[in-house]
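Written out below as structure tokens is the structure these notes cover.
The values are calculated or read from the model by the stated rules, or taken from the named source; none is laboratory data. Everything numeric here is computed off the predicted structure, so don't read it as measured data. Here Cβ is always computed from backbone atoms with ideal geometry, including for glycine, and neighbour counts include all displayed protein chains. In case anyone asks, the SASA skips ligands and DNA or RNA and just uses the protein heavy atoms, side chains included. Shrake-Rupley method; radii C 1.70, N 1.55, O 1.52, S 1.80 Å.
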Amino acid sequence: MSQWAPLRIGDIGELFDGPHATPKSKGKVSTDYIFLSISSLENGRLNLKESPSISEEDYLSWTRRVTPRAQDLVFSYETRLGEGALIPAGLTCCLGRRMALLRPNQKVIEPRFLLYLFLGPKFQQTIAERTIHGSTVNRIALNDFPDFPILLPDITEQRRIAGVLGALDDKIESNLRVRNLCRDLGGNLVANTVRSAPSTQLEHYAASISRGVTPRYYKDEDASPVLVLNQKCIRDGWVTPELARLMIPRSREKSQAIARLDDLLVNSTGQGTLGRVARWDSDDPIYVDSHVTVVKADPRRIYPVLMPYLVFPLQDEIEHMATGSTGQTELSPSRLAQLNVPLLSLEEQRPLSARLVALEAQAHYCQVQSLKLTELRDALLPELMSGRMRVDKAGCLVSEALDKEAADV
């Protein structure tokens, strides 16, 4: 640790703030100009499927202060504090509200090391200690951010540490690309099959359609909590159980509020989350809260693996169907039941289902492997960023993990 020099954030890069507004064209146009918001940040990387496009006119306006470029660190300074990611090469983007950018001096700090420094427990603790707790949102003061303290090894050691952790992140990213490719291939298969199919309503395929529970969230004095999925857990066509919260179930909660293998989950409330769809692909049942609707497939009419692919492309229609009397966009189960979807017989579904099962199995494998590699990265990160573990030892652990994954394929 004696070789790690005490510095400030201002010593390693230049800070920029994003505009304090949202462009009118956001999400309503199809361009190469990407709008980065807090929702774009996910586990140290950018989720571009959660990043809408904007018009060229708005892009030019929203980049007057700064135009993000490759290797810049973007991060949130309100609400979801401590989230950050590097700008990849070739991305044309702008900063949204509550987003800032740190442009590293690459003579002083390796950009990828900067990301791990930002995500590491010591700097996360610094963020927590300097958080301003407001009545509506928590934030950090950008004027003070350049004075946040850091510890920095020499550039050679930075590159070695970034190389070890980056090898894991590269493989995680590769797995995610394969996973998404499997989903896209499945979507194309279904789209080609249903192109000239007649339509029916979603209730034709459903054994039941019901909202989840209104949970009583876990407190220290409560006993026997269980996980409950909320609308934030459904993103990009996948369920992220890590974002679930603990709750205490109540006796009046019905079994329909429990998601089981192959159940379809539909976000039914909220601006920006309404209409997101995912399939619960675990053998372990899980509760869902009242923001999520559970659609249980009727196996007499549909192969369950096909259900999400019929609904995935219909998010715009789901949003259009939504009604709300309290200012919050909301979709009732009865309205969702009326969603128009393609009508296929079981005979037509059978060959399609077999191919989807194979693709979903590959996608699930990639997801599981990515979670394992993420756990390893998260375990190594604090050890390397504190100097408690030698880079050579961490490199051996990473090599073993990657070799094992390759042998499992």
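Say whether the condition of being open to solvent by 40 Å² or more (accessible area, probe 1.4 Å), in contact (Cβ under 8 Å) with a residue 60 or more places away in the chain, basic (Lys, Arg) and closer than 29 Å to Leu181 by Cβ is met by at least one residue in segment 46-54. Taking every residue of segment 46-54 in turn, at least one turns out to be open to solvent by 40 Å² or more (accessible area, probe 1.4 Å), in contact (Cβ under 8 Å) with a residue 60 or more places away in the chain, basic (Lys, Arg) and closer than 29 Å to Leu181 by Cβ. I'd like the full set of residues that are open to solvent by less than 30 Å² (accessible area, probe 1.4 Å) and at pLDDT 85 or above, limited to segment 24-36. Listed by number, the residues that qualify are Ile34, Phe35, Leu36. Taken over segment 171-194, the residue count meeting the criterion of being among the polar types (S, T, N, Q) and under 18 Å from the mean Cα position of the chain (by Cα) is 3. Counting only strands (runs of 3 or more DSSP E) that sit wholly inside segment 81-195, those with at least 1 residues that are in contact (Cβ under 8 Å) with a residue 60 or more places away in the chain, under 30 Å from Pro308 (Cβ atoms) and in contact with a strand residue (DSSP E or B) (Cβ under 9 Å, 6 or more places away or on another chain) are 93-95.
If I ask for residues that are at pLDDT 80 or above and either in contact with an Asp or Glu (Cβ under 6 Å, 6 or more places away or on another chain) or assigned to a loop (DSSP other than H, G, I, E, B) (or both), which ones from segment 317-347 would you list? Of everything in segment 317-347, those that are at pLDDT 80 or above and either in contact with an Asp or Glu (Cβ under 6 Å, 6 or more places away or on another chain) or assigned to a loop (DSSP other than H, G, I, E, B) (or both) turn out to be Leu331, Ser332, Ala337, Gln338, Leu339, Leu343, Leu344, Ser345.
Only residues that are surrounded by 15 or more Cβ atoms within 10 Å (Cβ to Cβ) and not in a helix (DSSP H, G or I) were counted in segment 355-404, giving 2.
Taking residues in segment 14-31 that are aromatic (Phe, Trp, Tyr), and partners anywhere that are assigned to a loop (DSSP other than H, G, I, E, B) and open to solvent by 40 Å² or more (accessible area, probe 1.4 Å), the pairs with Cβ atoms closer than 8 Å and at least 6 places apart or on different chains are Phe16/Arg65. Considering segment 238-253, the residues that are surrounded by 12 or more Cβ atoms within 10 Å (Cβ to Cβ) and at pLDDT below 80 include one that is nearest to the chain's Cα centre (by Cα), namely Met247. Taken over segment 63-80, the residue count meeting the criterion of being open to solvent by 40 Å² or more (accessible area, probe 1.4 Å) and of a type in the set (A, V, I, L, M, F, W, C) is 1. Filter segment 184-211 for residues that are charged (D, E, K, R) and more than 15 Å from Phe312 (Cβ to Cβ); which is surrounded by the most Cβ atoms within 10 Å (Cβ to Cβ)? The residue in question is Arg211. For segment 164-196, the set of residues classified as in contact with a helix residue (DSSP H, G or I) (Cβ under 8 Å, 6 or more places away or on another chain), over 21 Å from Glu360 (Cβ atoms) and of a type in the set (Gly, Ala, Ser) consists of Gly166, Ala167, listed by residue number.
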